[in-house]
Amino acid sequence: MKRTQIKVTTAEAKRQADIATQLSYHIKDKNLTYFIATFGCQMNAHDSEKIEGVLELVGYAKATNENEADFIIYNTCCVRENAELKIYGKLGNLKARKKKNPNFMIALCGCMMQQDIVLDTLKQKFNFIDIIFGTYNIYKLPELLQTRLETDERVIDIWDTHDEIVEDLPSIRKHNFKSCVNIMYGCNNFCTYCIVPYVRGRERSREVSDIIDEVKHLVADGVKEIMFLGQNVNSYGKNLTTPTTFASLLTQVAKIEGLERIRFMTSHPKDLSDELIEVMASTDKICKSLHLPFQAGSTAVLKKMNRGYTKEQYLELVNKIKVAMPNIALTTDIIVGFPSETDEDFKDTLEIVKVVKYVSAFTFIYSKRTGTPAATMEQQVDEATIKIRFNQLLDVLNPISAQYMQAQVDKEFIILLEEVSKNDNNILSGRTDTGTLVHVQADPKDIGEFVKVRITNAKTHYLNAELVNEKELGV
Ligand code: SAH
Ligand code: SF4
Ligand code: F3S
């Protein structure tokens, strides 16, 4: 059943937290564990932290791996077809586990659930799933769990829209020194290939005061770096009762004492203001890295994508950014094979890559999403042509990235040490202000600290470094 949300407040978040706490008697003494697999973007990753917050309140402990967990949650993505196929594949493997373990439960949530066609498939082919909810009602999870645990019925609760924003959900942060913060939800841009506006709804900005309170709270809790999240942060504040700008939000947040670094994503080129460039350039705490998806180089294709800028306007914008911040690290998203893309059009994509010289790029093969305008466009490009173009694109991108990485050798950076390297227990990984991954031999007790390093050599996706001197406090 689809429902439209009515006004929800912080008090509602508290009510849900109370339900979660009361539910703990259901699983008391059973030593039950949960495992969340998160697909898609940072939005989903951040939502999963909220889901973890609820599950831990209920009394579930985090499982070390998926195969051991009593409760499996897939937080899904549907931006490309592959993301959806992965979920169906994984579900097929879970049915048998339900028979073996009486406590075993499966919940599905996230963007994929907001599509009717997916719900129909799940009802028909995967009727063993315990709880299904969407992107608008995550905060209701305690109540959904209550229904499932107390009535033993399957729960499907998907809502169509969402007007208000629920503040103060419990949340489990992955790191204690850095955190993501949502500044807005949804998207109004309707790029013709993209499903996101249909599954995440219209743009809704959080109040400046709520964001500042959250950041202050995080900083008091040890956070030094924040990442502001929104599908298009550059249009932040436009729909608030007292309209404001993203640049103004950044200026106010940068004043918070103890906060050292501010990152954000994603920036839509059509809404990136001169004011933002100025604030970025003049505020040390704002990291000098910018994710600026261009999607396609050809103005004709950009028009069909409904992106709102031409090739020339994009290049002009990049130029302005580089003049203001010569050390800026630019990254991007590129789609290959949008309907009607010709070899000539594709050359424009290669040209942008060569001119801008991205530090790295996410490259995607166009994926038809049912319900979007591009899905029914004529002149869909054939797979073989797309493959050739995709490889050509990588052949241009990779040497440019390698050149950038190589140029960092012997330079010194302040990095924030984030975690023990996945491949070597003696090595820690951290990031520069420009967002580059750096590996360095350092003491694990310094995770969460800023240290000065000198780059010793460059790899394709990261840099190796040595510590320069004692750990530095602050940037
Ligand atoms: N709001 C962000 C991007 C969100 S989706 C922005 O506008 O920049 C992340 C990326 O997925 C997009 O930038 C785009 O490159 C890619 N993408 C979205 N829909 C796609 C589709 N149908 N096929 C292939 N790639 C797609
Ligand atoms: Fe999708 Fe475009 Fe919105 Fe990004 S700006 S989420 S690509 S519709
Ligand atoms: Fe993100 Fe995928 Fe949803 S990219 S917004 S999780 S469709």
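Quick note: the coordinates plus some simple rules give every number you see, no bench work behind them. Just so it is clear, the model here is predicted, and its values are computed rather than measured. All Cβ positions, glycine included, derive from the backbone under ideal geometry; neighbour counts span all protein chains shown.
Using θ = phi - 60° and the Karplus relation 6.51 cos²θ - 1.76 cosθ + 1.60, list the HN-Hα couplings for region 265-281 in order, rounded to whole Hz, with x at every Gly or Pro.
6, 10, 9, 8, x, 5, 10, 7, 8, 4, 4, 5, 4, 4, 5, 4, 5
Could you name the lysines in cross-link range of Lys459, using Cα to Cα under 20 Å and dropping any fewer than eight places away on the same chain?
Reachable lysines: Lys357, Lys411, Lys422.
Ranking request for peptides 257-263, 322-328: highest mean number of other beta-carbon atoms within 10 Å first, then the rest in descending order.
The most tightly packed comes first, giving 257-263, 322-328.
What are the ³J(HN,Hα) values, in whole Hz, obtained from phi via the Karplus relation 6.51 cos²θ - 1.76 cosθ + 1.60 with θ = phi - 60°, for each residue of region 453-469 in sequence order, with x given for Gly and Pro?
Once θ is set to phi - 60°, the couplings for region 453-469 become 10, 10, 6, 9, 7, 10, 10, 4, 10, 8, 10, 9, 8, 10, 5, 8, 8 Hz.
How do the peptides 396-404, 358-366, 131-139 rank, highest first, by the average count of neighbouring beta carbon atoms within 10 Å per residue?
Going from most to least packed, we get 131-139, 358-366, 396-404.
What does DSSP give for region 70-207 in terms of the percent of beta bridges that are antiparallel, rounded to the nearest 5?
That works out to approximately 15 percent antiparallel.
Which pairs, out of Lys95/Lys368; Lys50/Lys178; Lys50/Lys238; Lys14/Lys140, put more than 22 Å between their alpha-carbon atoms?
Lys95/Lys368; Lys50/Lys238
Check which residues have an amide H placed less than 5 Å from Thr456's amide H, if you skip close sequence neighbours.
Long-range HN contacts for Thr456: Asp410, Asn464, Ala465, Glu466.
Where a Cα-Cα gap under 17 Å defines reach, which lysines qualify for Lys30, not counting those fewer than 8 residues away within the same chain?
Counting by Cα, and skipping residues close in sequence, Lys30 has these lysines nearby: Lys62, Lys98, Lys100.
Sort the following peptides by mean Cβ neighbour count (other Cβ atoms within 10 Å, averaged over residues), highest first: 237-243, 188-194.
The most tightly packed comes first, giving 188-194, 237-243.
If I take every Cα pair under 8 Å that is 6 or more residues apart in the chain, average their sequence separation and divide by the length, what percent do I get for the relative contact order?
After rounding, I find 10 percent.
Report, by chain and number, residues whose modeled amide H sits under 5 Å from the one on Cys180, excluding near sequence neighbours (fewer than 5 apart, same chain).
Close amide H contacts, sequence-distant or interchain: Met227.
In terms of the Cα gyration tensor, with a ≥ b ≥ c the square roots of its eigenvalues, is region 140-223 rounded because a/c is under 1.5, prolate because a/b exceeds b/c, or oblate?
Judged from the Cα gyration tensor, region 140-223 comes out oblate (a/c at least 1.5, b/c at or above a/b).
Among bridges DSSP assigns within the chain, what percent are antiparallel (round to 5)?
35
Work the Kirkwood hydrodynamic radius out for region 132-182: mean of 1/r over every pair of different alpha-carbon atoms, inverted, in Å.
13.1
Can you work out ³J(HN,Hα) from phi for every residue in region 322-336, in order, using Karplus 6.51 cos²θ - 1.76 cosθ + 1.60 and θ = phi - 60°, giving whole Hz and x for Gly and Pro?
My calculation for region 322-336 gives 6, 5, 6, 9, x, 9, 4, 9, 9, 10, 7, 10, 9, 10, 10 Hz in order.
Percent relative contact order of region 238-298, based on C-alpha pairs within less than 8 angstrom and at least six residues apart?
38
Out of all DSSP beta bridges in region 154-282, what portion is antiparallel? Express it as a percent rounded to 5.
Antiparallel bridges: around 15 percent, rounded to the nearest 5.
Given the -39500 (n - 2.57) contribution per DSSP H run of 4+ residues, what per-residue ellipticity at 222 nm results for the chain, rounded to the nearest 500 deg cm²/dmol?
Theoretical 222 nm ellipticity from helices: -11000 deg cm²/dmol.
Show the residues, 5+ positions off or on another chain, whose built amide H is closer than 5 Å to the amide H of Glu449.
Close amide H contacts, sequence-distant or interchain: Leu417.
Going down the list Lys224/Lys445; Lys320/Lys452; Lys216/Lys285, which pairs span over 19 Å between their C-alpha atoms?
Lys320/Lys452
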